[in-house]
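Undergrad: Dropping the structure in here first, questions after.
The values are calculated or read from the model by the stated rules, or taken from the named source; none is laboratory data. The structure presented is a predicted model; accordingly, all values stated were derived computationally and were not measured. Every residue, glycine as well, gets a Cβ built from its backbone with ideal geometry; the counts of neighbours run over all protein chains shown. Just so you know, the surface numbers come from the protein's heavy atoms only, side chains and all, with ligands and any DNA or RNA stripped out. Shrake-Rupley method; radii C 1.70, N 1.55, O 1.52, S 1.80 Å.
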There are 2 protein chains.
Amino acid sequence: MKVNKISPLAPAAFPLLPEVKGVRLATVAAGIRYSGCDDLMLAAFDPGTTVAGIFTRSLCSAAPIDWCRYALEHSGGRVRALICNTGNANAFTGAAGYAVTQQTAESVAAALNAKPEEVLVASTGVIAEPLDVNRIRAALPDLVAGLSKPLPQVWEAAAMAIGTTDTFPKGAARTVKDGNIRIAGFAKGSGMIAPDMATMLAFVFTDMALNAETARTFLAAAVKKSFNRITVDSDTSTSDMALLFSTGEALEIEATRSAETTAADEATRKTRQGNNELHADAFKEALDGVTLDLAHQIVRDGEGATKFVAITVGGATNDQAAEIIARAIADSPLVKTALAAEDANWGRIVAAVGKAGQQADRDRLAIWIGDEQCAEAGMVKPGYSEKRATVHLQGSDVEIKVDVGVGSGEATVWTCDLTHAYIDINAGYRS
Amino acid sequence: MKVNKISPLAPAAFPLLPEVKGVRLATVAAGIRYSGCDDLMLAAFDPGTTVAGIFTRSLCSAAPIDWCRYALEHSGGRVRALICNTGNANAFTGAAGYAVTQQTAESVAAALNAKPEEVLVASTGVIAEPLDVNRIRAALPDLVAGLSKPLPQVWEAAAMAIGTTDTFPKGAARTVKDGNIRIAGFAKGSGMIAPDMATMLAFVFTDMALNAETARTFLAAAVKKSFNRITVDSDTSTSDMALLFSTGEALEIEATRSAETTAADEATRKTRQGNNELHADAFKEALDGVTLDLAHQIVRDGEGATKFVAITVGGATNDQAAEIIARAIADSPLVKTALAAEDANWGRIVAAVGKAGQQADRDRLAIWIGDEQCAEAGMVKPGYSEKRATVHLQGSDVEIKVDVGVGSGEATVWTCDLTHAYIDINAGYRS
């Protein structure tokens with residue numbers, strides 16, 4: 001992670017993340033791009049760990065995305081390692097780029113006595129430049145040696161190592177069942193953040209026992225409500241992924257991983273399933289909490305952001321329509337520049353609703369900035385105080401609510417403002 | 001028009017626009033918003049003039065849009081005047097706002113001995129503030145008196161009077177049939193410019209005889225290839241319109257306006273139609289030229305623009321898919337900031353293609369910056385010279401070509417770069 005000026009919206013400190021049994025992490029400076037900074041991260045998992053993944057919908061996906069899709073399909077959802085480099089996305093690098101990804105997986109597999117398809121690969125950084133596999137290979141011995149460190153000491157370094165234009169490392173954790181089941185994760189992302197998995201990597205680890213299919217269901221639901229509800233600049237990356245690793249080593253929970261339970265008798269299996277079902281709702285809630293926390297941190301690190309903005313649209317024909325309208329507001333450069341200027345120019349919100357292409361009744365439209373209602377029944381609300389709205393906009397956390405007056409669909413999207421710093425960062429990223 | 005620093009992409013001078021028989025123009029400072037500048041423009045037309053209009057698709061359309069739709073429907077396509085104010089869009093102003101528009105039309109109609117529905121109204125400026133009809137009424141006598149000036153002396157003032165954040169007035173003309181048929185027009189727009197009629201007003205005048213239906217067909221075709229192919233910031237306004245006025249007074253062309261020809265015998269009517277059909281193709285081409293010229297000027301006045309950028313996508317499944325991909329590239333803040341920095345970071349173009357949601361073959365993708373081919377077959381082209389690409393980007397007119405390798409659909413979209421000045425302009429527009 002190349003440390004720019006830390007976002008004014010950053011949390012005070014990286015959170016304390018717990019032990020997650022069966023997970024080991026290590027980082028190293030492999031000299032792939034940013035000299036002096038750790039740019040290679042390895043996560044190693046005990047045998048029997050399962051994984052679920054959600055990947056970018058970009059049609060120009062990077063080589064690691066293709067590899068991970070292949071690996072997940074051929075490993076039966078089992079995983080032994082994840083390796084992630086920054087500085088080079090290995091995207092748009094053709095067959096040679098895919099070979100580098102495969103060779104990376106093979107090298108890590110050899111070092112950890114695993115199969116190549118049990119090694120996932122993630123990359124982030126510049127596009128269309130060749131990635132040198134030898135830098136990764138040369139760094140592997142140190143990386144593997146680093147796995148011996150106690151996990152709680154490595155979380156922050158791991159979160160740092162996967163960052164690019166991030167200005168702070170992003171971590172989050174929740175526990176279930178009195179702390180006996182743990183979920184912890186970290187993420188990177190600050191630009192090219194948009195719907196459907198933007199330049200964003202999120203790795204979440206739990207000692208809950210989940211088979212790959214259940215993990216995928218839980219992760220998909222969590223991603224839908226978190227990473228897919230944030231937008232910094234409407235741009236989508238070639239390299240994004242969210243992964244959920246499940247070691248199943250939580251003390252009081254027994255594994256139900258299918259391959260391990262084939263030998264168990266029917267009664268035992270039912271008991272184990274019962275235990276898991278008992279905790280499923282609590283686990284899902286905790287997982288949602290971790291992904292939403294990480295997603296919010298990504299917005300708080302939005303390139304150049306000075307405002308964390310929650311945009312809630314209600315009264316739409318359905319939740320999906322509400323989300324589209326909320327996103328139209330969140331992605332509008334005119335809305336975002338007005339937010340940067342702390343200017344209660346809510347006419348731009350009206351314009352964004354109008355262009356969203358979803359049903360809305362102009363003459364029933366209502367708009368709030370914080371608690372201050374600006375508009376009702378399609379015009380300015382009598383007694384509206386621009387001063388009160390402006391005071392709200394002067395804070396670092398902004399809430400905008402819009403009711404489009406046609407139904408009961410609702411959705412919230414999180415975004416940030418558009419400032420000069422966004423242009424500074426992105427006009428100079430490669431140099 | 002509040003004159004900001006003139007765009008570096010502005011043409012050297014406002015073009016000489018010709019006489020268009022049957023059209024008179026006048027402007028006045030009505031004090032609606034910018035003190036000292038003309039902010040009210042009146043166009044008056046001889047009886048028998050027809051009009052066609054294309055309007056914003058915004059669901060939160062402004063009162064003047066609603067009025068114009070009503071007027072076109074009830075006037076049978078006949079028109080006697082157009083009045084346009086700047087400084088206040090009369091948008092999101094409820095029933096009171098609509099009443100102001102109607103009263104404006106009634107006042108102008110009374111002054112010109114016309115029917116209210118023969119008067120079109122356009123407004124542009126801030127949203128959600130009440131517009132005072134009395135300012136318009138008070139200015140009307142001066143405005144009507146101003147109609148006596150020779151048209152060629154008023155074009156530029158009229159183009160100036162409809163501008164808001166524009167930094168130069170925009171005009172264009174073409175002639176057909178050795179100059180005997182004239183088309184001239186002017187437009188405003190520099191921000192909130194996006195697909196499907198953004199904050200953009202375009203008024204085009206011809207002495208060609210066109211019935212309202214034919215005019216609409218020609219105008220719709222011209223708009224599709226010009227105003228709907230430009231984007232500054234992907235934002236769409238509540239107030240946009242393109243209007244084509246046809247007086248039918250060109251010396252050598254006889255009118256075919258339906259109401260006037262009811263009395264003519266069949267043979268005469270056929271001759272007249274034949275004359276018009278003879279010129280239809282040439283007229284359409286000239287009209288396309290005027291609208292494309294105006295559209296390009298709007299992009300050249302894009303808020304904060306320092307580059308005029310043509311993005312052509314080929315090899316798509318069809319023309320519409322090509323347009324969607326071209327627009328995804330044109331609207332990408334990451335592409336636009338790279339262009340501002342003259343940085344040949346074409347990986348961002350790859351990312352934009354990937355997110356467009358239209359079929360593209362990553363492994364057949366080819367990209368050119370100017371004449372320099374960056375990518376072929378899904379990776380960097382051997383021998384690609386970043387230096388040559390950068391030299392092209394250092395010019396003020398930039399061409400980007402992308403072939404997505406799946407078909408023969410093609411489209412060009414015009415846009416500009418995203419600079420600090422865009423934020424300066426939009427963070428301070430209301431203050």
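Undergrad: Return a whole-number percent for the relative contact order of chain B, with Cα pairs under 8 Å and 6 or more residues apart as the contact set.
TA: RCO, chain B: 17 percent.
Undergrad: Just to confirm my numbers, what's the Cα centroid distance between segment A:92-154 and segment B:282-310 in Å?
TA: A separation of 50 Å, based on Cα centres.
Undergrad: Oh, and also: Between A:S396 and A:D178, what's the calculated FRET efficiency when r is the beta-carbon distance and R0 is 41 Å? Round to 0.05.
TA: After rounding, the FRET efficiency stands at 0.75.
Undergrad: Any idea what the alpha-carbon Rg over 2.2 N^0.38 Å comes to for segment A:1-150?
TA: My calculation over the Cα atoms of segment A:1-150 gives 1.05.
Undergrad: With a bin width of 5 angstrom, please list the P(r) values of segment A:274-368 as percents of all Cα-Cα pairs, from the 0 bin to the one holding the largest distance.
TA: With a bin width of 5 Å, the distribution comes to 2, 12, 18, 18, 15, 13, 9, 6, 4, 3, 1.
Undergrad: Using the Karplus equation 6.51 cos²θ - 1.76 cosθ + 1.60 (θ = phi - 60°), what ³J(HN,Hα) coupling, rounded to whole Hz, does each residue of segment B:158-163 give in order, writing x for Gly and Pro?
TA: Once rounded to whole Hz, the list reads 5, 5, 5, 5, 8, x.
Undergrad: I would also like to ask the following. In chain B, if the dipole is taken from +1 on Lys/Arg beta carbons and -1 on Asp/Glu beta carbons about the Cα centre, which of B:V204, B:T415, B:A110 is farthest to the positive end?
TA: B:A110
Undergrad: Please report, for the Cα atoms of segment A:288-431, the Rg to one decimal and the Dmax as a whole number; what are they, in angstrom?
TA: Just the Cα atoms of segment A:288-431 yield Rg and Dmax of 15.2, 52 Å.
Undergrad: Could you list which residues have their amide H under 5 Å from that of A:T167, counting only those 5 or more apart in sequence or on another chain, with H placed in the peptide plane?
TA: A:S7
Undergrad: Working from Cα positions, state the angle (0 to 90°, nearest 10) between the long axis of helix B:319-331 and the longest principal axis of chain B.
TA: Result, in degrees: 80.
Undergrad: Can I ask one more? Simple spin-label model, 7 Å along Cα-to-Cβ: A:K149 to B:A280 in nm?
TA: 7.7 nm
Undergrad: Turning to a different aspect of this structure: Please give the average number of partner chain Cβ atoms lying within 10 Å of the Cβ of each residue in B:357-366, rounded to a whole number.
TA: What the average comes to for B:357-366 is 3.
Undergrad: Count, for each residue of A:88-98, the Cβ atoms from other chains sitting within 10 Å of its Cβ, then give me the mean as a whole number.
TA: Mean shielding count: 4.
Undergrad: When the convex hull of the C-alpha atoms of segment A:40-123 is computed, what volume per residue in Å³ does it have?
TA: Per-residue hull volume (Cα only) is 84 Å³.
Undergrad: Rounded to whole Å, give me the distance from the Cα center of segment A:11-35 to that of segment A:376-431.
TA: 34 Å
Undergrad: Under 17 Å Cα-Cα from B:K225, which aspartates and glutamates qualify once same-chain neighbours fewer than 8 residues away are excluded?
TA: B:D196, B:D240, B:D281, B:E285, B:D288, B:D293, B:D319, B:E323, B:E410
Undergrad: Next up: I need two numbers for chain A: Rg to one decimal and Dmax as a whole number, Cα atoms only, in Å.
TA: My reading of the Cα-based Rg and Dmax gives 22.5, 72 Å.
Undergrad: Within 10 Å of each Cβ in peptide B:334-341, how many partner chain Cβ atoms are there on average? Round it to a whole number, please.
TA: 6
Undergrad: On to the next question. With a 1.4 Å probe and every protein chain left in place, work out the accessible area per residue of segment B:289-431 in Å², rounded to a whole number.
TA: 33 Å²
Undergrad: What ³J(HN,Hα) values, in whole Hz, does the Karplus curve 6.51 cos²θ - 1.76 cosθ + 1.60 give for segment A:310-317 when θ = phi - 60°, with x put for Gly and Pro?
TA: Using θ = phi - 60°, the values come out as 9, 10, 10, 10, x, x, 8, 4 Hz.
Undergrad: Let me ask something additional. Amide H of B:C374 versus every other amide H placed in the peptide plane: which residues, excluding those fewer than 5 positions away on the same chain, fall under 5 Å?
TA: B:I367, B:W368, B:I369
Undergrad: A follow-up question, please. Axis carrying A onto B: which residue of A has the nearest Cβ, and how far, whole Å?
TA: Chain A residue with minimal Cβ-axis distance: A:H420, 3.
Undergrad: Quick one: compute a quarter of the convex hull surface over the Cα atoms of segment A:46-94 and quote it in nm².
TA: Result: 4.0 nm².
Undergrad: Can you give the calculated 222 nm mean residue ellipticity of chain A, where each DSSP H run of n ≥ 4 adds -39,500 (n - 2.57) and the sum is split over every residue, rounded to the nearest 500 deg cm²/dmol?
TA: Rounded to the nearest 500, it is -11000 deg cm²/dmol.
Undergrad: Then there's this: What do you get for the angle between helix A:63-74 and the principal long axis of chain A? Use alpha-carbon atoms, 0 to 90 degrees, nearest ten.
TA: 60 degrees
Undergrad: Right, next: Measuring from a point 7 Å out along Cα→Cβ, what nm distances, shortest first, does A:E285 have to its partners in the other copies?
TA: 7.2
Undergrad: Whole-Hz Karplus ³J(HN,Hα) for segment B:239-250, in order, using 6.51 cos²θ - 1.76 cosθ + 1.60 and θ = phi - 60°, x for Gly and Pro?
TA: 10, 7, 7, 10, 10, 10, 9, 10, 7, x, 9, 4
Undergrad: Put a label point 7 Å from Cα along the Cβ direction on B:T175, then list its distances to the equivalent points in the other copies in nm, shortest first.
TA: Copy-to-copy label distances for B:T175: 8.7 nm.
Undergrad: Please figure out what share of the DSSP beta bridges in chain B is antiparallel and state it in percent, rounded to the nearest 5.
TA: Bridges in chain B that DSSP calls antiparallel: roughly 65 percent.
Undergrad: What pairs in B:K5/B:K307; B:K188/B:K224; A:K21/A:K149 have C-alpha atoms more than 19 Å from each other?
TA: Table pairs above 19 Å Cα-Cα: there are none.
Undergrad: Amide H neighbours of A:V121 under 5 Å, counting only residues 5+ apart in sequence or on other chains, H built in-plane at 1.01 Å?
TA: Amide H neighbours of A:V121, under 5 Å, 5+ apart: A:C68, A:I83.
Undergrad: Moving on to the next point. Which angle between 0 and 90 degrees, to the nearest 10, do you get for helix B:212-225 versus the longest principal axis of chain B when only C-alpha atoms count?
TA: 20 degrees
Undergrad: Mean-square fluctuation check for chain B, GNM, Cα pairs under 10 Å: which of B:A242, B:A305, B:A110 is largest?
TA: Of B:A242, B:A305, B:A110, the Gaussian network model singles out B:A110 as fluctuating most.
Undergrad: What fraction of the DSSP beta bridges in the protein assembly as shown is antiparallel, stated in percent and rounded to the nearest 5?
TA: Just about 65 percent of them are antiparallel.
Undergrad: Using only C-alpha atoms and all pairs of different ones, pull out the Kirkwood radius for segment A:61-178 in Å with one decimal.
TA: One decimal place: 15.2 Å for the Kirkwood radius.
Undergrad: Something else about it: Which value results for Rg/Rh of segment A:303-359 when Rg is the Cα radius of gyration and Rh the Kirkwood radius based on the inverse mean 1/r?
TA: 0.98
Undergrad: Taking A:G395 in one copy and the same position in all the others, each labelled 7 Å out along Cα→Cβ, what are the pairwise distances from the first, in nm, shortest first?
TA: The projected label point of A:G395 is separated from its counterparts by 5.2 nm.
Undergrad: Identify which of A:T164, A:T104, A:T390 has the largest mean-square fluctuation in a Gaussian network model of chain A, with springs joining Cα atoms closer than 10 Å.
TA: Most flexible of the set in this elastic network: A:T390.
Undergrad: Continuing with the same structure: What area, in nm² and to one decimal, does the C-alpha convex hull of the protein assembly as shown cast on average over all directions?
TA: Answer in nm², one decimal: 38.2.
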